[in-house]
Amino acid sequence: MQYLRSQEKTLMEKLEILTDAAKYDVACTSSGVDRKGSGNGMGNAIKAGICHSFSADGRCISLLKILFTNECIYDCKYCINRVSNDVPRAAFTPDEICELTIGFYRRNYIEGLFLSSGILVSPTYTMELIYQAIYKLRTFYRFEGYIHVKAIPGADPKIIEQLGLLVDRMSINLELPTAEGLKKLAPNKHRKNILTPMRQIQNGIKENKNDLVLYRNAPKFVAAGQSTQMIIGATGETDYQIMNVSEQLYKKFDLKRVFYSAFVHVNDDKELPAIPGGPPLLREHRLYQADWLLRFYGFEAGELLSEDKPNFNVHFDPKCDWALRHLEYFPVEMNRAPYEMILRVPGIGVKSAKRIVNARRNGNLTFEHLKKIGVVLKRALYFITCNGRMMYRTKIEEDYISRQLLGLHEKLPFSQDGMTFTQISLFDDVRFNPKPDIVDGNLALYGQF
Amino acid sequence: MQTILVCEDSFEGILTGIYEAYERKLSHDDVIIETGGEENFRLFSEYIEIKADEEKAVKVSRSLRRMLGDEVVYDLHNALASEDTERGNAVYHTVVEALNGKGRNVMSYLQNDSVRKVFELSRNVWVEIHHMYGFLRFEELEGGILYAAIAPKNNIISRLMPHFSDRFPLENFVIYDEKRDIYAIHPAKGQWFLVREQDMDDRTEVRVSEGEGRMQELFKSFVRTIAIESRTNEKLQLNMLPLRFRPYMTEFR
């Protein structure tokens, strides 16, 4: 009857409570699917995703990110909504969710809905409530914008299958990188229950692709693919373990994205680590950088880290760090090197690498040309040649290049008062908080954060 | 001797200029397209005024699409939507490079200054279009019409309309470019069109609808609540969402 009790609140109060409860979810992306409007409803979807605003923490606001309810029967130690916490509770009705989504979408505030939920009564019961809301939104309101829902582990596979036909993206939180961590901090959740529906969605997407070949108008199942997220820094995993888990998720479960969420201290619990420096933002940043390397740059987790060197470098981004330890591959000749090798040069991203490969078909490239076509040479210059010459007289030597690069100051995206640069000390930065670089900027721009 | 074609500062004007440049069969290296304005006059040059001609512009546009494909034309159109004074000449010389053999791959020929200029302008305009897709805000007026005001750096209103028309086919909506005094109007289930301010007769004050205030309050509350305090980073917010957009955005008013 908790559900009834919370109905007395106004829509404004509910929105506040259920937004506040949803804000720790990382994914707010609206990307992965291109869909024109049908002409009889409202909405479309753009593959790159669209950011509609940015909140005070600099994160992109793309979707109306809310919980259906923050009532929960579970007691996960890291979660603000755990049953043993005394926080104001509320629940939306399906109609209220439709009203907010349509009202916001019409005014171009948002790109769609991201609906997650605490667990009311049972996983299946909660998923049915979510289904009702989404069904109404899609059929009665003819909403054709982006919808992302969280599937709740342990829910009936049938309801996941039904819901998958209505939404663009479904995700299941891995919560913590390893099964041991999960056992310690989320006693009601089991690794197996999380991986089973993940596999179900993966198979559903595959089968759906076959159906689409046969019947062009077959309904699409989770068209934008599935993603997951895990909390970083709440348990003792190394970066190496985390990257291996991500790699497996990409390879074996065909995930579109893995999100990393720096642990934010919201509950006092003896099982939780103390984090005096605030959330480990630098670590989160390094993991995103490495994640990018896995997905777009052809790197493998084993190249970036190892048992002996299980954590990322505080001072250098993972690609730079790799290059410094593998100087035997450098310098790379811009006019001849294969695309894959150009991608491995620190400071050269996917777009620059593509431009270089295209532009050199039209004639030999010089450093002047590289600058003109927008390649940033600040870091790259230590690793490349044009027509056999380096830009300046530099040594290909780990110590020398490291010193030069340290002088450049990596641009990191965070710190309490925005972009500040601290002196390099002999000790690891407590916050281990890196700033976002241009890649992250682009990510945020395309709504992929 | 150089020939300088002085065109009207508009999409049609520049395309007409390109038409004339080919029509006159001059050496392309010696032709410069300029758009109006008080340029410094050059010595030993012939200045020719070109009047914009819609028919010629359409011809050029159509043959470019046929010969170079949608992707190249997309970049050219983007570049023309900018208000850079050199865009006409850059687009013209990019077309020359394309028709002299680079063909559909012309946009990868970034060693060439004109191509690079078009590339940069196009990217710049694209970024602004993409920003506007997200940052534009509608208000509901009495009668259910949606209204949005914008002040973009580039002349992109006609490039925004296909997106919003596809998104809101059943809505009556208006987008107003304050800087250029252009209205784009989309009637429900209909085709959108542009209207210049001087063509609008007797404008009456319109009020927002009854439910508008409540929806705006709800959204403001959402934006406030979604931020995580321990990650506050206004500098990053500023980088991602520059101040120039904010006066037009509900949540920052």
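The values are calculated or read from the model by the stated rules, or taken from the named source; none is laboratory data. Predicted model, so just to flag it, every value in this text is computed and none were measured. Please note: Cβ atoms are built from the backbone with ideal geometry, for glycine as well, and neighbour counts cover all protein chains shown.
Quick notes
- A:Phe383 being outside the structural domain of A:Tyr260 (by TED's automatic domain parsing), at pLDDT 90 or above, touching a Cys at 6+ places or on another chain (Cβ under 8 Å) and over 30 Å from A:Gly49 (Cβ atoms): no
Yes or no, residue by residue, for (1) within 14 Å of chain A (Cβ to nearest Cβ); (2) in contact with a Phe, Trp or Tyr (Cβ under 8 Å, 6 or more places away or on another chain); (3) among the hydrophobic types (A, V, I, L, M, F, W, C):
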residue: B:Glu142; (1), (2), (3): no, no, no
residue: B:Ala148; (1), (2), (3): yes, yes, yes
residue: B:Lys153; (1), (2), (3): no, no, no
residue: B:Leu160; (1), (2), (3): yes, yes, yes
residue: B:Phe164; (1), (2), (3): yes, yes, yes
residue: B:Leu170; (1), (2), (3): yes, no, yes
residue: B:Val174; (1), (2), (3): yes, yes, yes
residue: B:Glu178; (1), (2), (3): no, no, no
residue: B:Gly190; (1), (2), (3): yes, no, no
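- For the stretch A:253-302, a tally of residues being part of a strand (DSSP E or B), touching a Ser or Thr at 6+ places or on another chain (Cβ under 8 Å) and closer than 19 Å to A:Arg82 by Cβ returns 0.
- Of all the residues in the stretch A:131-151, those that are assigned to a loop (DSSP other than H, G, I, E, B) and of a type outside the set (Asp, Glu) number 5.
- Verdict on A:Ile231 being in contact with a His (Cβ under 7 Å, 6 or more places away or on another chain), closer than 30 Å to A:Asp86 by Cα and within 14 Å of chain B (Cβ to nearest Cβ): no
- For B:Val58, the criteria (1) hydrophobic (A, V, I, L, M, F, W, C); (2) surrounded by 16 or more Cβ atoms within 10 Å (Cβ to Cβ); (3) modelled with pLDDT of 90 or more hold in every case but one, which is (2).
- B:Gly190 surrounded by fewer than 14 Cβ atoms within 10 Å (Cβ to Cβ) and touching a residue at least 40 places away in the same chain (Cβ under 8 Å): no
- Scanning the stretch A:298-341 for residues that are acidic (Asp, Glu) and within 13 Å of A:Leu287 (Cβ to Cβ) gives a single hit, A:Asp317.
- Contact annotation: residue pairs with Cβ atoms under 9 Å, 6 or more positions apart or on different chains, pairing a residue in the stretch A:369-389 that is at positive phi with a partner that is among the hydroxyl-bearing types (Ser, Thr, Tyr) and surrounded by 14 or more Cβ atoms within 10 Å (Cβ to Cβ), are A:Gly374/A:Ser352; A:Asn387/A:Thr366.
- Any pair with Cβ under 8 angstrom, 6 or more apart, that starts in the stretch A:348-359 at a residue that is in contact (Cβ under 8 Å) with a residue 40 or more places away in the chain and ends at one that is of a type in the set (Phe, Trp, Tyr): A:Val350/A:Phe296; A:Val350/A:Tyr297
- Hits in the stretch A:275-300 - residues which are within 14 Å of another protein chain (Cβ to nearest Cβ) and hydrophobic (A, V, I, L, M, F, W, C): A:Ile275, A:Leu281, A:Leu282
- Of the helices (runs of 4 or more DSSP H) lying entirely inside the stretch A:303-370, those containing at least 3 residues that are more than 12 Å from every other protein chain (Cβ to nearest Cβ) and within 21 Å of A:Asp239 (Cα to Cα) are A:318-325.
- Scanning the stretch B:141-175 for residues that are farther than 13 Å from B:Gln191 by Cα and of a type in the set (Gly, Ala, Ser) returns B:Gly143, B:Gly144, B:Ala148, B:Ala149, B:Ala151.
- Sole exception among (1) part of a strand (DSSP E or B); (2) of a type outside the set (Phe, Trp, Tyr); (3) farther than 30 Å from B:Val127 by Cα for A:Lys65, by number: (3)
- Checked against the criterion of being in contact with a strand residue (DSSP E or B) (Cβ under 6 Å, 6 or more places away or on another chain) and farther than 25 Å from B:Glu217 by Cα, the stretch A:54-61 has no qualifying residue.
- Among the candidates A:Ser30, A:Ser55, A:Ser62, the residue that is buried (at least 21 other Cβ atoms within 10 Å of the Cβ), without any contact (Cβ under 8 Å) to a residue 12 or more places away in the chain and within 12 Å of another protein chain (Cβ to nearest Cβ) is uniquely A:Ser55.
- Residue within the stretch A:269-277 that is in contact with a helix residue (DSSP H, G or I) (Cβ under 8 Å, 6 or more places away or on another chain), of a type outside the set (Ser, Thr, Tyr) and closer than 27 Å to A:Met170 by Cβ present: no
- In the set (1) closer than 24 Å to A:Ile152 by Cβ; (2) not in a strand (DSSP E or B), A:Val213 fails one condition alone, (1).
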